[in-house]
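The values are calculated or read from the model by the stated rules, or taken from the named source; none is laboratory data. Here the structure is a predicted model, which means the values were calculated and not measured. No Cβ is skipped: glycine too gets one built from the backbone with ideal geometry, and neighbour counts run over all protein chains shown.
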């Protein structure tokens with residue numbers, strides 16, 4: 001049996017809901033259920049928050065007045081592989097790690113944070129806590145937080161009030177924008193240049209060189 005086009009169109013028409021038949025309460029319940037399903041799970045929200053906090057801490061470290069000086073010292077012995085932690089400029093290692101993180105090299109950043117934390121820098125250990133938390137690696141995150149809070153890393157452990165203030169700053173930055181500058185394009189190019197020198201390895205283990213240190217001085221004096 002064939003149908004005319006008019007008959008087909010008439011059968012495909014959308015029925016109009018009569019006035020008063022729309023259930024507002026049911027619709028609101030459906031919207032609320034959809035919103036609940038769209039909300040990120042608690043673990044996902046926690047990892048995202050940790051990543052934001054780590055970016056805040058990393059920018060703070062990179063923008064400290066003496067950051068470039070410490071990277072200078074770290075760069076002085078670029079070719080002295082295996083010199084040992086006793087000669088490491090620990091603050092320089094922290095700054096370099098934060099720069100690596102902010103320019104998209106998190107695995108390399110982890111390597112240098114571990115060097116600095118192993119040499120007694122609690123800020124590096126706290127960065128490792130946030131780094132592992134952002135990756136959902138809760139056991140490692142708890143380990144590094146324990147290292148920080150018990151004073152195992154460094155001679156002086158930060159008090160909880162300091163960490164609370166740090167959390168408050170991170171939340172403020174998340175809402176209002178950062179007060180510390182992100183790495184410039186020139187700094188990113190220098191880090192990428194170092195990365196290309198380590199083809200076959202995704203981790204920059206050599207450390208900064210003079211060119212990168214000079215670029216960081218330019219960043220500090222901008």
### Query
Which residue pairs have Cβ atoms under 7 Å apart, sit 6 or more places apart or on different chains, and have a first residue in the range 209-222 that is within 12 Å of residue 71 (Cα to Cα) and a second that is modelled with pLDDT under 90 and surrounded by fewer than 16 Cβ atoms within 10 Å (Cβ to Cβ)?
209/78; 215/186
### Message
If residue 202 meets every condition in (1) in contact with a helix residue (DSSP H, G or I) (Cβ under 9 Å, 6 or more places away or on another chain); (2) assigned to a loop (DSSP other than H, G, I, E, B); (3) farther than 17 Å from residue 55 by Cα; (4) modelled with pLDDT of 65 or more apart from one, which number is that one?
### Response
(4)
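Picking from 182, 161, which residue would you name as being surrounded by 14 or more Cβ atoms within 10 Å (Cβ to Cβ) and either part of a helix (DSSP H, G or I) or at pLDDT 80 or above (or both)?
Result of the check over 182, 161: 182.
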### Query
Can you name the condition, by its number, that residue 135 falls short on among (1) at pLDDT 90 or above; (2) over 18 Å from the mean Cα position of the chain (by Cα); (3) surrounded by fewer than 20 Cβ atoms within 10 Å (Cβ to Cβ)?
(2)
### Task
Within the range 66-75, identify whether any single residue is part of a loop (DSSP other than H, G, I, E, B), more than 18 Å from the chain's Cα centre (by Cα), modelled with pLDDT of 75 or more and within 29 Å of residue 165 (Cβ to Cβ), and answer yes or no.
yes
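Residues checked against (1) closer than 23 Å to residue 151 by Cα; (2) at pLDDT below 90; (3) crowded, with 18+ Cβ neighbours inside 10 Å:
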| position | (1), (2), (3) |
| --- | --- |
| 29 | no, yes, no |
| 44 | no, yes, no |
| 104 | no, no, no |
| 112 | yes, no, yes |
